[in-house]
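The values are calculated or read from the model by the stated rules, or taken from the named source; none is laboratory data. These numbers were taken from a predicted model, which means no experiment stands behind them. As a convention, Cβ positions derive from the backbone with ideal geometry for all residues, glycine included, and neighbour counts pool all protein chains shown.
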Amino acid sequence: MLKVRLSVLALASVSLFCLSCPRPLEAEEIFLTEDFATAPAQRGWQAFGATNLFSWNTTNQNIEVTWDSSQPNSVFYHPLGTSVSKTNDFILEFDLHLADIAIGTTLDKPYTFELAVGLTDLGSVTNADFLRGTGFNSPNLVEFDYFPDSGYGATVSTPIISSNNEWNVGGFTYPMALSTGDVYHVDMRYVAASLTLMTRMTRNGQPFGPPKDATLDASFSDFSVDQIAISSYNDAGQDPSFGGSILAHGTVDNFVFMCPPPISDVTGSFAGKAWQVQFASHTNWLYKLERTDDFQAWTEVSSTVAGTGSGLTLSDTNAPDGKAFYHVRATRP
């Protein structure tokens with residue numbers, strides 16, 4: 001069953017409290033789980049490209065996947081409900097089972113190629129110019145990739161790729177082979193404060209690996225992802241001397257995605273006759289204070305302020321005498 005919990009305004013952050021009895025409330029987080037117990041198409045899951053590569057198994061309640069690099073770029077995806085960037089903490093978990101896997105399945109591409117599960121940007125991955133094989137034409141990705149061995153050691157990779165096709169530092173672990181017939185649980189946790197993606201795995205419930213952490217360089221610009229995705233990439237664009245290809249079958253199940261809101265530690269208080277809201281902000285977000293007395297319409301009562309990554313204060317300098325309710329609206333520029 002799919003479960004999505006968002007704010008009532010479909011934003012990443014809404015905080016409400018009452019003038020007559022001010023109290024902080026926790027902002028909403030984005031929280032999505034998926035066990036594929038019922039038809040995914042009825043709850044927002046879609047496919048792009050060679051859609052026959054993805055099939056819902058009604059008996060086992062998972063997604064059967066064919067990763068076939070001879071086919072066009074293809075993704076099975078679900079919206080996150082927001083765009084996530086390097087300034088957002090987030091968690092992505094899923095189960096991966098491989099039934100069979102082969103490389104060198106495309107003529108003149110005898111080496112390895114990847115299968116992928118992770119976060120993507122729908123506008124980027126569906127663009128005709130998106131080429132995973134070149135290394136510099138596949139923007140806005142946060143992925144778990146697996147490359148079977150073709151002579152250099154099987155590799156687990158957790159790339160973060162920016163909107164400008166910059167790559168993260170590290171995140172390549174080899175030799176690290178995934179066996180067929182086993183169930184791997186992948187737990188990916190990104191910490192914005194350290195710009196680090198940490199990935200931990202189990203195999204049939206026992207610790208496996210772990211893969212190396214992936215850390216963004218201080219000069220790394222930013223990424224923007226808005227979909228959970230199972231991705232089968234076309235193998236075009238590679239250096240002909242090292243071209244690889246893949247054909248694999250398996251299943252993906254039990255997604256969990258969590259992203260705390262771009263606002264925390266919310267408190268409210270009077271400063272004279274002005275009502276003030278203090279909170280911890282994130283960079284790359286815009287904030288403004290809005291007020292209502294009937295929940296039918298909201299009025300802006302502060303200017304829009306850019307997040308700083310530290311504390312902000314928004315004020316209503318014309319607060320009414322009677323009861324009123326406020327929220328902080330957070331949006332991406």
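Tell me the strands (runs of 3 or more DSSP E) entirely within the stretch 217-333 that contain at least 2 residues that are over 30 Å from ALA192 (Cα atoms).
On the way: elements: 225-232, 246-259, 263-271, 274-281, 286-292, 311-316, 325-331.
Per the criteria, 246-259, 263-271, 274-281, 286-292.
Considering the stretch 47-64 alone, what residues qualify as being closer than 16 Å to ASN254 by Cα and touching a residue at least 24 places away in the same chain (Cβ under 8 Å)? Don't jump to the end; show me each part of the working.
Narrowing the stretch 47-64 to residues closer than 16 Å to ASN254 by Cα: 54-64.
Passing the criteria: PHE54, ASN57, ASN60, GLN61, ASN62, ILE63, GLU64.
Scanning the stretch 56-83 for residues that are surrounded by fewer than 16 Cβ atoms within 10 Å (Cβ to Cβ) and within 22 Å of the chain's Cα centre (by Cα) turns up just one, PRO79.
Conditions tested, residue by residue: (1) crowded, with 23+ Cβ neighbours inside 10 Å; (2) over 23 Å from ASP68 (Cα atoms); (3) not assigned by TED's automatic domain parsing to the domain that holds VAL65.
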| position | (1), (2), (3) |
| --- | --- |
| ILE160 | yes, no, no |
| VAL169 | no, yes, no |
| THR180 | no, no, no |
| ASP187 | no, yes, no |
| ALA192 | no, yes, no |
| ARG200 | no, yes, no |
| ASP213 | no, yes, no |
| ASP217 | no, yes, no |
| ASP222 | no, yes, no |
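Among residues of the stretch 72-91 being in contact with a Lys or Arg (Cβ under 9 Å, 6 or more places away or on another chain) and among the small types (Gly, Ala, Ser), the one that is modelled with the highest pLDDT is SER85.
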